[in-house]
Amino acid sequence: MVDESPHPDAAALVRRFGRLKSMVEFTDTASMTGEELKEIIQKIRYQLWDFSAEFSRLFFSYT
């Protein structure tokens with residue numbers, strides 16, 4: 001959907017998703033303490049919310 005969209009912000013959304021994917025993929029959770037793990041999970045969670053809101057705004061907004 002994003003690749004076919006003529007929306008000017010679609011490319012930025014793809015880059016944003018790429019950064020989020022990289023954070024999840026390359027975070028070394030095995031070496032983290034419990035608190036560090038909680039912090040990184042919370043950070044990922046907030047970034048997912050932000051991504052979801054932006055995605056919805058671009059592709060499912062009726063305004």
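Taken together, the values in this text are just the output of simple stated rules run on the coordinates, not laboratory data. Values in this document were obtained by computation on a predicted structure and should not be read as measured data. All Cβ positions, even for glycine, are placed from backbone atoms using ideal geometry, and neighbour counts span all protein chains on display.
General remarks:
- Chymotrypsin sites (Phe, Trp or Tyr not before Pro) lying in DSSP loop within the range 10-63, provided at most 16 other Cβ fall within 10 Å: Phe60, Tyr62
- Most mobile of Ala30, Ala12, Ala53 in a GNM of the chain (Cα contacts under 10 Å): Ala30
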